[in-house]
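See below for the structure under consideration.
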Amino acid sequence: MRTASKSRRVASAAAVIGLGLVTATTVVGSQAAAQPPPVEPESACSPGFWKNHADSWTPTGLDPTQPTGELFDQAVLHGLDEEELLQSLGGGGGADLDGAATILLRAAVAALLNASIPDGEFAMSGDDVTLAVNDALASADREQMLTLAEELDELNNDGTCADDVAGTDAAADVAPADVPVGPPADVPVGRPADVPAGPPADVPVGPPADVPVGPPADVPVGPPADVPVGPPADVPVGPPADVPAGPPADVPVGPPADVPVGPPAG
């Protein structure tokens, strides 16, 4: 009995495991089927396309993780030889020679990928791209590097890549021409035309016209005209005229004449 019960449990567990394997296989298979196939452009594409679609590199024979110095050996002069090709595609720039080299390598990696597309129509061969880029990197001339970068960018952005990848998830780096930028044309920007700016015209600004500014006209400013300013005219200013100024004339000033001034002579 115990052996039979154990056998049934083992069989049940195997069935569950088998069902899980089938389910997992089905899910994985569904996810794989849902992934779109890699885009294989037939002409030049921008650095942004190649940076965002590393799965499209396979036909070119190049690897996103490949060191940039393996293809452009003069990148070592600017400390950029150990960067992976995918990193070089995302390079920014700078105001010095190394910054110019970073700008050049971004365009150069895309150009080399475009030149390596089987049966492609890129204007330069892979060898031509490599030779021109190495010469510019070794020149120590910022202007030469930037000029070559500009020329390669024009070839990389010739406008045909978007046609090759139309209908896929590999849209171009720019917005489609039929997608307007900004609000719809029938949506006015700002205040509607029938809404005046400022207060309504029939609302006066300031106090009403029939309200005088300041005191009423019949209220005099200052004291009344019949109130004299200062003391009355019949009140003399100063002491009376019959009162002499100073002490009386018959009162001597100082000590009596018969009183000596100072200590006694003896």
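For segment 84-117, filtered to residues that are over 19 Å from residue 46 (Cβ atoms) and more than 26 Å from the chain's Cα centre (by Cα), the residue that is surrounded by the most Cβ atoms within 10 Å (Cβ to Cβ) is 101.
May I ask you to verify whether residue 44 is modelled with pLDDT of 90 or more, under 30 Å from residue 119 (Cα atoms) and buried (at least 17 other Cβ atoms within 10 Å of the Cβ)? Answer is no for this residue. Quick test of your reading of the structure: residue 100 fulfils all but one of (1) in a helix (DSSP H, G or I); (2) touching a Lys or Arg at 6+ places or on another chain (Cβ under 9 Å); (3) at pLDDT below 95. Name the failing condition by number. Unmet condition: (3). Evaluating residue 111 against the criteria (1) out of contact with any Leu (no Cβ under 6 Å at 6 or more places or on another chain); (2) in a helix (DSSP H, G or I); (3) touching a residue at least 40 places away in the same chain (Cβ under 8 Å) leaves one unmet condition, (1).
The values are calculated or read from the model by the stated rules, or taken from the named source; none is laboratory data. Quick caveat, the model's predicted, so the values are computed rather than measured. Neighbour counts are summed over all protein chains in view; Cβ atoms, including those assigned to glycine, are modelled from backbone coordinates with ideal geometry.
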